[in-house]
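Worksheet: one structure, shown below.
Read-outs throughout are calculated quantities, based only on the coordinates presented, and are distinct from any laboratory measurement. The structure displayed is predicted, hence computed values, not measured ones. Glycine gets a Cβ as well: all are built from the backbone with ideal geometry, and neighbour counts include every protein chain shown.
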């Protein structure tokens, strides 16, 4: 693990709470319970939003940005709170529900660097509000590139700044209204320390010679911010436990139950798992109950809300039962190479290329203190090893990897050695 030595975080910390027995925090970590400037009230009117935009336009330096969703509670992945902080402007929190979008804020900060943590999680919901960064700095990704093992916001804040954040509200239902005061304090603290983290991580990237690598990664993230979300061809195939279901008819039952659940969840704006668990879908698909009594004996169908929908589930199963053979699910066309565990049997030569290519990535990972998946995504390594360019040279490998989405720094680092690995051993 990379050790980063930092100076004091600056201002005296605000309200301090007692350490709890068994806490994993370092003894010197200070528990932050409230923002140093106080917790702002969420903005809910056009006038307040315009005033906040003016403050941020007049501020200086980068802008810390965060969003809270209601994952696991709601069907959509929209933002239910947006937090921003900038030097000279302080912290603002916006309740996005009263607004069509937050483009007035976008105009105020579009030319600034945005600091986010785990940006790929927040960028889609921010884009729905017309908040799109021109350039950004991702503190989680920066920490990964620096070789740090614990890259969550709470871990970075503790290890680099000496402050400990309470994180028990991270999985809360942020669609709740009104939002409790303790949740709002937590949300404000999420952006309060991002500016300081960015400075420390930026210095560490420079020290390790990885600043350009990070810049390319951040530019790719910013460029993808407004892209439409990728639509999966058969989303029902991602039902947890579906690997246990055997036969096309049973898969049709999974599909029918999944689609029935999805329609209900969408209509109610509730997370699908709160309508019917994946495990219940798989169990019903395996047993194919014919009547309500048998259905309700299956684990997952005993709850009151699920029982009330028994007719819906039985109708879905009946529809799957009545499908002609031609309408049953078929295996989707392969998108890329087969699973690696089948390579040795199907193509031993390709299996050897994959093993050597993986060894190259693992060695570079150890040398540069980077997770292997940040050196090169595993899917790119598999695709390259399964269908290598002919002949495999550094130049041809670079062309293939760039076409698959690899950044220049990644091909500069890997192309020569991967070209050697793709050639048969002497």
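Order the peptides 313-319, 401-407 from the highest to the lowest mean number of other Cβ atoms within 10 Å of their residues.
For the peptides 313-319, 401-407, the packing ranking is 313-319, 401-407.
Using only alpha carbons, build the gyration tensor for the stretch 235-327 and give me the equivalent ellipsoid semi-axes, biggest first, whole Å.
One finds semi-axes of 19, 15, 13 Å for the stretch 235-327.
Suppose we keep just the DSSP beta bridges with both residues in the stretch 42-130; what percent of those would be antiparallel, to 5?
Here the share of antiparallel DSSP bridges comes out near 80 percent.
Given N residues in the stretch 175-297, what is Rg(Cα) / (2.2 N^0.38 Å)?
Normalised Rg, Cα atoms only: 1.68.
Pop out the Kirkwood hydrodynamic radius of the stretch 189-251 from its pairwise C-alpha distances, inverse of mean 1/r, in Å to one decimal.
16.2 Å
If one puts a single equal scatterer on every Cα of the stretch 153-224 and applies the Debye formula without solvent, what log₁₀ I(q)/I(0) results at q = 0.14, 0.26 Å⁻¹?
For the stretch 153-224, the Cα-only Debye profile gives -0.61, -1.11.
To check you understand DSSP bridge types, tell me what percent of the beta bridges within the chain (both residues inside) are antiparallel, rounded to 5.
Looking only at bridges with both residues in the chain, the antiparallel portion is about 55 percent.
Kindly work out what percent of the DSSP beta bridges joining two residues of the stretch 30-224 are antiparallel, to the nearest 5.
55 percent
Divide the volume of the convex hull of the Cα atoms of the chain by its number of residues and quote the answer in cubic angstrom per residue.
Numbers: hull volume 80.3 nm³, N = 426.
Output value, Cα hull per residue: 189 Å³.
Could you please tell me the mean projected area of the C-alpha convex hull for the stretch 30-224, averaged over all directions and given in square nanometres to one decimal?
Projected area, direction-averaged: 10.3 nm².
If the chain between residue 51 and residue 359 were fully stretched, how many nm would it gain, using 0.36 nm times the residue separation less the Cα-Cα distance? Show your work: numbers first, answer last.
On the way: separation 308, 0.36 × 308 = 110.88 nm, distance 5.55 nm.
Length gained between residue 51 and residue 359: 105.3 nm.
Mind jotting down the three principal axis lengths of the stretch 299-367 based on Cα atoms? Whole angstrom, largest first.
So the three principal-axis extents are 58, 34, 17 Å.
If the convex hull of the alpha-carbon atoms of the stretch 94-172 is projected onto planes in all directions, what is the mean projected area in square nanometres?
Approximately 6.4 nm², given one-decimal rounding.
Using per-residue counts of other Cβ atoms within 10 Å, averaged over each peptide, order 284-294, 156-166 from highest down.
Highest mean packing first, the order is 156-166, 284-294.
Let me have the 222 nm mean residue ellipticity of the chain computed from DSSP H runs of 4+ only, each contributing -39500 (n - 2.57), with the sum over all residues rounded to the nearest 500.
For the chain, the value works out to -14000 deg cm²/dmol.
Could you tell me how far the Cα centroid of the stretch 284-362 sits from the Cα centroid of the stretch 374-416, in Å?
So the separation of the two Cα centres works out to 32 Å.
With springs connecting C-alpha atoms under 10 Å apart, model the chain as a Gaussian network and identify which of 63, 349, 397 has the largest mean-square fluctuation.
Per the Cα network of the chain with a 10 Å cutoff, 349 tops the list.
If you average the C-alpha positions of the stretch 119-163 and of the stretch 203-217 separately, how far apart do those two centres end up, in angstrom?
Comparing the Cα centres of the stretch 119-163 and the stretch 203-217, I get a distance of 15 Å.
Evaluate 2.2 N^0.38 Å with N set to the residue count of the stretch 340-422, then give the Cα radius of gyration divided by it.
1.00
Once the Cα atoms of the stretch 132-188 are picked out, what are the Rg and Dmax in Å?
14.1, 40
Using mean Cβ contacts within 10 Å as the protection proxy, how do 214-226, 71-83 order, highest first?
71-83, 214-226
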